[in-house]
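Please read the structure below before turning to the comments.
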Amino acid sequence: MRPLSFKLDRVSRLALHRSYGWTGIEIGCHAINMAQVRKIDSRWQLAAVWSVEHPTPYAIEPIQNVSPCDEVFGWLATDAMCEHGLATTLELLENLNSLFHGRDCAATLTDGMIAYRELELPLSDPAELRSMVSSEIAIESECEIEELSTDCWELPPNRPRAETSSFGAVSLMKSTALMVANDLLNAGFECQTLDAVPCAMARATSMVVDDDSLSTLAVDLGYHQATVTLVRAGKPLMSRGLRSFGLIPLLEQIARSFELNMSDAQTLLFQSPSTHDGSSKGHDEFSNPREQKLGAFLKSLSKEIDKTIDYTNRAYRSMAPSQLLLMGEGVRIPNVDQAIEARVGIPTHTWAIDLSENLFGNQHVGTFAVASGLSMLAWESM
Amino acid sequence: MHVNLLPTTFVWRRRIRKRLRQWGCVYGIFGAFVFAWNVQLIGKWWNGLHELQKIHAAAEPIRQLQSDRIRLAKQSLSLQQKINQLQAAVSKDRTTSFLGVVAAGVGSTAKTIQIQEMHVAVSAKSNDSTAPAGDSQRWTNAKPNASIDSKFLGNQYILTLRGIAIESESITAFMESLQKSSLFPKIELRSTQERFVSERPVQEFQLECVGYDQ
């Protein structure tokens, strides 16, 4: 017989959160993206979104010897953000309680703050497996096991004969996880799950790809890195973090070319080409430094995506991706999906679902894909 | 599928807090039900109290009547005792009047009759047919126990006369004289016997006359 509390959980979820998911909170170095999805019949709808940029570092307190930060842009280094800026930004979320339904939330840290690696481990029971994963990661990262918070999931076998199995493992410093959860609690959000980006990307992909037999390569274009995840039937089969393909290196190049600060460089990058220059596209690619830098960035990124597709074709023959799905801050670059599709050669789309009637239509919905994937956890955990 | 990087200690703290909140909610709802139930009970009790007060007010005239009835019964008993006392007093005088009637009767027979013994017994007259008449002792005892529902209808006097007459016609004349007085509705000649007084024959007789209070 199941305990009464279990039934109460179920009743409260059915009664209170039948149509609304948790609040998904994606914590990045530049901003915190929040989203809440709603399920109407079997259709997904983005019910509420919000984005909070980190306060400028000089406005918080004078920090000595914290070099990797831009005065008006935000934190350029993840460690510095966690140590000095995150708690202050999370305090700002306290005013957003009324925007979202319920207190429950799921969060994740992007920009490579949660380390991902694939491990080959012998098959064993889940407890022993977790212990092995923790030990492996502790050895690799030269930390004590007690200092780390780890979890893993099984990947499809790419070497059928081997007596081991592949696992996607994620890790985070326990102190950072506790700090995030406690700060969210102080802001009025009860963190139920601290998820990993590949899992959230996989769920976000399953929201727009109905066919479980199709493999999709989801690409999250973040500030510090691009995360490429092969998704099938809502599960992450393989993930790569492309550290040199974040938006910050591109923004730095544009900023240097035009002698701008990072914020203005971002405005220039996200601006539609037709609004600032009426000349032809072909001419732009040679004369405009923005187009030059962006073209070079997309070319390199496409190469990495090609490499990933080649690897998946070799490793998982039956799971080769049939389409690309772009998400993250990078989708704000105009026509990025067309540019990548032209280079990679497979259909490329930007992540998008229906908007609630109380949201404006010109939102860059793809920015909130990971947060939406986190919000969806409400149904998965029922 | 998902992973959870939250430390176990935080997860357990959160679960405990959630359970406490849920149980707090359950007990809160239960407490609210109990409170509502108690309020309902108090309301019923209060309404019942009001109804009782109404009934109490409505029964006031009945209580007043009962009180009056008891008071009147006491007065009635007191009056009855006085009546009995008066009747007892009057009974002695009645004996005197009997004596007068008897004397008048004797006179009507030209002194051909002589009353040798006269006895008067007084008893309470009742409609209870089983009650024995002429029991003075019973009347005396019944007096203190008389209740307001007593069937007392006055006193019954039984006058017993024993005497001698020179001839039978004298006895008849005497009885007619007593009957004329209308004091005795019932006159019965119990016995006659011939005897000799100074060698002269006389009729010894015994009469029983029954009379009542008017």
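Within the range B:30-38, identify whether any single residue is surrounded by 10 or more Cβ atoms within 10 Å (Cβ to Cβ) and either closer than 30 Å to residue A:233 by Cβ or within 14 Å of another protein chain (Cβ to nearest Cβ) (or both), and answer yes or no.
Yes - at least one qualifying residue is present in the range B:30-38.
If we keep just the residues of the range A:216-239 that are part of a strand (DSSP E or B) and farther than 21 Å from residue A:339 by Cα, which is nearest to the other protein chains (Cβ to nearest Cβ)? Quick ask: steps written out before the conclusion?
Applying the first criterion (part of a strand (DSSP E or B)) to the range A:216-239 yields A:216-221, A:226-232, A:235-239.
If we keep only those that are farther than 21 Å from residue A:339 by Cα too, we end up with A:231-232, A:235-239.
On the way: A:231: 11, A:232: 12, A:235: 6, A:236: 8, A:237: 11, A:238: 14, A:239: 12 Å.
Step by step, filter the range A:216-239, then rank; the result is A:235.
Tell me, which residue of the range A:339-355 that is of a type in the set (Gly, Ala, Ser) and under 22 Å from the mean Cα position of the chain (by Cα) is nearest to residue A:306 (Cα to Cα)?
Applying the first criterion (of a type in the set (Gly, Ala, Ser)) to the range A:339-355 yields A:339, A:342, A:345, A:352.
If we keep only those that are under 22 Å from the mean Cα position of the chain (by Cα) too, we end up with A:339, A:352.
Values: A:339: 14, A:352: 23 Å.
Top of the filtered list is A:339.
Yes/no matrix, rows are residues, columns are (1) part of a helix (DSSP H, G or I); (2) closer than 23 Å to residue A:374 by Cβ; (3) out of contact with any Asp or Glu (no Cβ under 8 Å at 6 or more places or on another chain):
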position: A:138; (1), (2), (3): yes, no, no
position: A:150; (1), (2), (3): no, yes, yes
position: A:156; (1), (2), (3): no, no, yes
position: A:166; (1), (2), (3): no, no, no
position: A:178; (1), (2), (3): yes, yes, yes
position: A:181; (1), (2), (3): yes, yes, yes
position: A:184; (1), (2), (3): yes, yes, no
position: A:192; (1), (2), (3): no, yes, no
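When the residues of the range A:108-130 are narrowed to those that are within 14 Å of another protein chain (Cβ to nearest Cβ) and touching a helix residue (DSSP H, G or I) at 6+ places or on another chain (Cβ under 6 Å), which ends up nearest to residue A:187 (Cα to Cα)?
Here the answer is A:108.
For the subset of the range A:267-290 comprising residues that are modelled with pLDDT of 85 or more and closer than 30 Å to residue A:209 by Cβ, which member is surrounded by the most Cβ atoms within 10 Å (Cβ to Cβ)?
Initially, the range A:267-290 is screened for residues modelled with pLDDT of 85 or more, giving A:267-270.
Filter once more, so that each one left must be closer than 30 Å to residue A:209 by Cβ: A:269-270.
Details: A:269: 20, A:270: 15.
Across the range A:267-290, the extreme among qualifying residues is A:269.
Within the range A:308-334, work out how many residues are surrounded by fewer than 16 Cβ atoms within 10 Å (Cβ to Cβ) and in contact with a strand residue (DSSP E or B) (Cβ under 9 Å, 6 or more places away or on another chain).
3
If residue A:170 meets every condition in (1) touching a His at 6+ places or on another chain (Cβ under 7 Å); (2) part of a strand (DSSP E or B) apart from one, which number is that one?
All conditions pass for residue A:170, except number (1).
Tell me yes or no: at least one residue of the range A:195-204 is in contact with a helix residue (DSSP H, G or I) (Cβ under 6 Å, 6 or more places away or on another chain), within 9 Å of chain B (Cβ to nearest Cβ) and part of a strand (DSSP E or B).
No, the conditions are met nowhere in the range A:195-204.
Suppose the filter is farther than 21 Å from residue A:371 by Cα and free of Cβ contacts under 8 Å to residues at least 40 places away in the same chain; does residue A:210 pass it? Quick ask: steps written out before the conclusion?
Working: farther than 21 Å from residue A:371 by Cα: no; free of Cβ contacts under 8 Å to residues at least 40 places away in the same chain: yes.
No; evaluated as a whole, the condition is false for this residue.
Yes or no: residue A:346 in contact with a strand residue (DSSP E or B) (Cβ under 9 Å, 6 or more places away or on another chain), part of a helix (DSSP H, G or I), at pLDDT 90 or above and surrounded by 15 or more Cβ atoms within 10 Å (Cβ to Cβ)? Working first, answer last.
Details: in contact with a strand residue (DSSP E or B) (Cβ under 9 Å, 6 or more places away or on another chain): yes; part of a helix (DSSP H, G or I): no; at pLDDT 90 or above: yes; surrounded by 15 or more Cβ atoms within 10 Å (Cβ to Cβ): yes.
Here the answer is no, as residue A:346 does not meet what is asked.
Going by what's in this entry, would residue B:192 be described as surrounded by 15 or more Cβ atoms within 10 Å (Cβ to Cβ), in a strand (DSSP E or B) and of a type in the set (Ser, Thr, Tyr)?
On the way: surrounded by 15 or more Cβ atoms within 10 Å (Cβ to Cβ): no; in a strand (DSSP E or B): yes; of a type in the set (Ser, Thr, Tyr): yes.
So residue B:192 does not fit the description; no.
If we keep just the residues of the range A:176-190 that are surrounded by fewer than 19 Cβ atoms within 10 Å (Cβ to Cβ) and facing chain B (nearest Cβ under 9 Å), which is farthest from residue A:118 (Cα to Cα)? Walk me through it before giving the result.
Within the range A:176-190, the subset surrounded by fewer than 19 Cβ atoms within 10 Å (Cβ to Cβ) is A:178-179, A:182, A:185-186, A:188, A:190.
Those still in the list that are facing chain B (nearest Cβ under 9 Å) too: A:178, A:182, A:185, A:190.
Working: A:178: 24, A:182: 29, A:185: 32, A:190: 30 Å.
Among residues in the range A:176-190 that are surrounded by fewer than 19 Cβ atoms within 10 Å (Cβ to Cβ) and facing chain B (nearest Cβ under 9 Å), the one farthest from residue A:118 (Cα to Cα) is A:185.
The values are calculated or read from the model by the stated rules, or taken from the named source; none is laboratory data. Note that this is a predicted model, so its numbers are computed, not measured. Note that we place each Cβ from the backbone using ideal geometry, even for glycine, and neighbour counts take in every protein chain shown.
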